[in-house]
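Reviewing the structure listed below.
The values are calculated or read from the model by the stated rules, or taken from the named source; none is laboratory data. Since the model is a prediction, treat every value here as computed from it, not as a measurement. Please note: Cβ atoms are built from the backbone with ideal geometry, for glycine as well, and neighbour counts cover all protein chains shown. SASA here: full protein model, heavy atoms, side chains in, ligands and nucleic acids out. Shrake-Rupley method; radii C 1.70, N 1.55, O 1.52, S 1.80 Å.
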Amino acid sequence: MNKQGSALLFGGQGTQYPGMGKKLYEADGGCRKIFEIGSRVFDIDLAELCFCSGQETLNRTEYTQPGVLAVDLCSFWLAKRTYSFEAAAGFSLGEYAALAAVGAITIEEAFFLVKKRTRAMLAAVPPAYGMSALLHVTMAEAQALCSRVEAGRVYLSNHSSSEQISVSGDEAGLEQLHQIAGALGVKALRLRVNMPFHCELMQPAAQEFSAALNEVEIKIPALPLYMNATGRPADNPEVIRELLVEQIYKPVLWKETLEALYADGCREFLECGPKNISGRLLRETLGEKDTKYTFFVCGMEKE
């Protein structure tokens, strides 16, 4: 990769909002086709879901995941006409948009796998779970906070940036974690998800999802694909398959991914999706280095 390489980034769950993707849908027939494919695979009207539903509905995992994936893919569909890139990565759910973007799977296969993934996750735990973000702590400090929780179970889940670490757990555990964090002056924020993603509570989902992965042929990516479970690129289809399973019950190493992309020569970062979240995570991780970030949606670029 040359020293001015570009990286394509995709957002995940938590970027959803009412009306997301409507301008994309109205702008291009290819985007309408993506919504049609997703609607057929999930057996729901994705356009009606994304354009007409309220925030509470869109926050439900079974609706968030197909909706965000559709917007990720539509944004990329338009962006690739203008931008070129040399590597790709996606945060959690966004990893499936990245897989499609580099040709490892088709768009229909991306929706199929996300459908299987969503159902496996929903079956793994009851609804009384969630996630929180801890700000301005290290992984070791976050782990120490989790270890003090006695009222429930809380685990590290995402290393989002140098300034943000997410944790997953049950409601009782998260409530106590917030109390402990507050007493120590650590800021904790609840996230808009109702599942304990990327932790060992999701092991049953990972086991179920591994069977679904066997129904899809994963091809060698056309470009370096940086994976959540390691923060490093993978090009062997069987390794990618294993890392997709691990992603369900292991933390998303997004900070490590961004650092690896930079170390490997990427200086320009293009994000496709409903909301521009990676710009902040880039700044928190890489500081004021020689990078450029662009958020692309429906022909609109925002640095």
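Structural remarks
- Checklist (1) in contact with a helix residue (DSSP H, G or I) (Cβ under 7 Å, 6 or more places away or on another chain); (2) open to solvent by less than 10 Å² (accessible area, probe 1.4 Å); (3) of a type in the set (Gly, Ala, Ser); (4) more than 30 Å from residue 223 (Cβ to Cβ) applied to residue 133, failing item: (1)
- Figure legend. Inter-residue proximity from segment 268-295: first residues part of a helix (DSSP H, G or I), second residues crowded, with 18+ Cβ neighbours inside 10 Å and among the basic types (Lys, Arg), beta-carbon distance below 7 Å, spacing 6+ or different chains. Indicated pairs: 285/255.
- Hey, residue 34 of a type in the set (Val, Ile, Thr) and over 17 Å from residue 274 (Cβ atoms) or not: no
- Tabulated pairs, segment 42-59, first without any contact (Cβ under 8 Å) to a residue 40 or more places away in the chain, second open to solvent by less than 20 Å² (accessible area, probe 1.4 Å) and not in a helix (DSSP H, G or I), C-beta under 7 angstrom, 6+ apart or interchain: 50/20; 50/21
Yes/no per residue for (1) over 20 Å from residue 247 (Cα atoms); (2) at pLDDT 95 or above; (3) of a type in the set (Ser, Thr, Tyr):
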{"position": "89", "(1), (2), (3)": "no, yes, no"}
{"position": "98", "(1), (2), (3)": "no, yes, no"}
{"position": "110", "(1), (2), (3)": "no, yes, no"}
{"position": "113", "(1), (2), (3)": "no, yes, no"}
{"position": "127", "(1), (2), (3)": "yes, no, no"}
{"position": "143", "(1), (2), (3)": "no, yes, no"}
{"position": "147", "(1), (2), (3)": "yes, yes, yes"}
{"position": "157", "(1), (2), (3)": "no, yes, yes"}
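A quick yes/no check of all residues on (1) among the hydroxyl-bearing types (Ser, Thr, Tyr); (2) farther than 22 Å from residue 133 by Cβ; (3) open to solvent by 60 Å² or more (accessible area, probe 1.4 Å); (4) touching a Cys at 6+ places or on another chain (Cβ under 9 Å):
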{"residue": "206", "(1), (2), (3), (4)": "no, yes, no, no"}
{"residue": "213", "(1), (2), (3), (4)": "no, yes, no, no"}
{"residue": "218", "(1), (2), (3), (4)": "no, yes, no, no"}
{"residue": "224", "(1), (2), (3), (4)": "no, yes, no, no"}
{"residue": "269", "(1), (2), (3), (4)": "no, no, no, no"}
{"residue": "282", "(1), (2), (3), (4)": "no, no, no, no"}
{"residue": "293", "(1), (2), (3), (4)": "yes, no, no, no"}
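- Selection status of residue 262, buried (at least 20 other Cβ atoms within 10 Å of the Cβ), over 17 Å from residue 94 (Cβ atoms) and at pLDDT 95 or above: no
- Residue within segment 230-240 that is under 25 Å from residue 59 (Cα atoms) and open to solvent by less than 10 Å² (accessible area, probe 1.4 Å) present: no
- Considered as a group, the residues in segment 91-130 that are touching a strand residue (DSSP E or B) at 6+ places or on another chain (Cβ under 8 Å) and without any contact (Cβ under 8 Å) to a residue 60 or more places away in the chain include one that is most open to solvent (accessible area, probe 1.4 Å), and that residue is 128.
- Residue within segment 44-62 that is in contact with a Cys (Cβ under 9 Å, 6 or more places away or on another chain), open to solvent by less than 20 Å² (accessible area, probe 1.4 Å) and not polar (S, T, N, Q) present: yes
- Looking across segment 1-19 at every residue that is in a loop (DSSP other than H, G, I, E, B) and either out of contact with any helix residue (DSSP H, G or I) (no Cβ under 9 Å at 6 or more places or on another chain) or of a type in the set (A, V, I, L, M) (or both), the one that is modelled with the lowest pLDDT is identified as 2.
- Hey, residue 230 assigned to a loop (DSSP other than H, G, I, E, B), modelled with pLDDT of 95 or more and not hydrophobic (A, V, I, L, M, F, W, C) or not: yes
- Yes/no for residue 33 being part of a helix (DSSP H, G or I), in contact (Cβ under 8 Å) with a residue 40 or more places away in the chain and among the charged types (D, E, K, R): no
- Residues (within 12 Å of residue 115 (Cα to Cα) and open to solvent by 20 Å² or more (accessible area, probe 1.4 Å)) located in segment 63-80: 63
- Within segment 167-198, the set of residues being without any contact (Cβ under 8 Å) to a residue 40 or more places away in the chain and in contact with a His (Cβ under 7 Å, 6 or more places away or on another chain) comprises 168 only.
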